[in-house]
Amino acid sequence: MNLRLPPIYAITPGTARGGEEVVEMAARLFEAGIRVLQVREKQLPDRDLLRTVEGADLLAREFGATVIVDDRVDVARIAALGVHLGGNDLPSRIARELLPADAPVGVSTHDLAAARAAFSDASCDYVAFGPVFESSTKPGRPPRGVEALAQVAREKTKPLVAVGGITEESLDPVFDAGADSAAIVGALAQGGFLTRNARRLLDHARRRDPPGRVYLVGFMGSGKTAIGRRISERLRFPFVDLDSEIERTSGLTVRALFEALGEPAFRERESAFLDGTEALPAAVVSTGGGSFVSERNRAAIARLGLPVFLDIPFDAVRERLVEKGDRPLFTSVEQAARLFAERAPFYKMAPVRVALTGRESIEESTDKVLSAVYDRRELGGPRLES
């Protein structure tokens, strides 16, 4: 198995009073963008544990996420899921024979010799090493430290997960040491702010691996500017609003430019500004509602970065258009509906589509867009090089 782990590997805290609590936690984590979740709830009775991992897996499938069972090969086999094995569990060779071929098998190691053995074990898909720092989940086990992690990383031949006491503040040292993924337990649930903590951890990891240039396309009122600005704030790279830049440099509003020059001349200006974004190694660009309709602009965007279509129902757009009424091509709801239908086939040419209802908060919409962009990369999609 050619496994690619995302940078944040979530683990449940092992304190759930029932399976419903774990499934609810899984839902919130997947919505925030977590894509690997290890269910580590040793206190649950066997039947409850099986229901729990099956419920979490049902949710995971909606998000393209992976659920891994801690220790229990029997439960993993029944649920057709992957398993993470400790030193006292079944050997990975036996687990591999019992589980589906696409179910990942991971093993815990605590020293270089054990890590070397795991790297050379064909039945193991990834290796965890730790505890790197002091950890409440491994009481009495001395921390190995970042230097030991780096020594293990130099010999890795498969994905390496750092585990043990990792927080947002220690993510950089862990990744700098060579870990591919950081297992997080306590830092996720800290203060009871599960979703917020997951966002912060994911954003920190994503800032280390900028997505190149991302171009948000879609109809007027779909949220391109608001979402683009929030992505910029969270990942700390530039935000460009094409319409605003055109207005700033021309001294005229988009509506005035349309009236004075006509749409073809406006699109020429738009194309020039799109070409100018090539100077930015990483950026999120909010395009105009008609930008992606132009064949020239579509080709430029595809060459420069990743087009992402914000797919929102017209009913939600209509409410926003009527409320603001300041869009350059908006004259009536009927006219907007016709334009929406005409442009939809062009928007659908974008390789990434994010379905929005219009009822999400800005943070929730931003989570969806960032997840779509990074999921595409982590699951083997082409990486966007600047």
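Any read-out appearing in this document is the output of simple, stated calculations on the displayed coordinates, not a laboratory observation. On a predicted model such as this, the values are computed, not experimentally measured, just so you know. All Cβ positions, even for glycine, are placed from backbone atoms using ideal geometry, and neighbour counts span all protein chains on display.
The table that follows gives values for the structure above.
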read-out	value
At R0 = 22 Å, FRET efficiency that the Cβ-Cβ distance of Met349 and Arg196 yields, to 0.05	0.05
Anchor Lys138: lysines whose Cα lies under 30 Å away (excluding residues fewer than 8 positions away in-chain)	Lys42, Lys156, Lys158
Cleavage-rule hits, GluC sites (Glu not before Pro), region 123-159, DSSP coil, Cβ neighbours within 10 Å at most 16	Glu134, Glu155
11 Å beta-carbon shell around Ala115, net charge (K/R +1, D/E -1)	+2
Total formal charge among the other residues, if their Cβ is under 14 angstrom from that of Thr277, Lys/Arg +1 and Asp/Glu -1	-3
Reported label for calculated Cα Rg over 2.2 N^0.38 Å given (i) 1.25; (ii) 1.06; (iii) 1.12	(iii)
Of the DSSP H helices in the chain, those whose Cα atoms cover at least 18 Å axially and whose Kyte score averages 0.0 or more	19-32
Alpha carbon Rg of region 213-378, scaled by the compact-globule rule 2.2 N^0.38 Å	0.97
Three-way shape call for region 152-276 based on the alpha-carbon gyration tensor, with the a/c threshold at 1.5	prolate
Sequence ranges 31-39, 53-61, 297-305, ranked by mean other-Cβ count within 10 angstrom, highest first	31-39, 53-61, 297-305
Hz values of 3J(HN,Hα) by residue in region 78-92 - Karplus curve (6.51, -1.76, 1.60), Gly and Pro given as x	5, 8, 6, 10, x, 9, 10, 10, x, x, 9, 8, 4, x, 4
Cut-off 11 Å between beta-carbons: net charge of the residues surrounding Gly164, Lys and Arg +1, Asp and Glu -1	+2
Over the chain: helical MRE at 222 nm, DSSP H runs n ≥ 4 each giving -39500 (n - 2.57), nearest 500	-14500 deg cm²/dmol
Rough spin-label spacing in nm, given labels placed 7 Å along Cα→Cβ, for Ala189 and Ser123	3.2 nm
Rel. contact order, % - alpha carbon contacts under 8 angstrom, at least six apart, region 8-207	18 percent
FRET E, pair Glu168, Arg116, Förster distance 30 Å, beta-carbon r, rounded to 0.05	0.50
Per-pair calculated FRET efficiency, R0 = 25 Å: Ala256 and Ala279 via Cβ, rounded to 0.05	0.35
In region 191-277, the trypsin sites (Lys or Arg not before Pro) that fall in loop regions by DSSP, at most 12 other Cβ within 10 Å	Arg208, Arg236
Within straight-line cross-link reach of Lys224, lysines at Cα separation under 29 Å, skipping those fewer than 8 residues along the same chain	Lys324, Lys348, Lys368
With eigenvalues of the C-alpha gyration tensor scaled by 5 and rooted, region 8-207, Å	24, 21, 15
Relative contact order (%) - criterion: Cα under 8 Å, at least six apart; region: region 213-378	35 percent
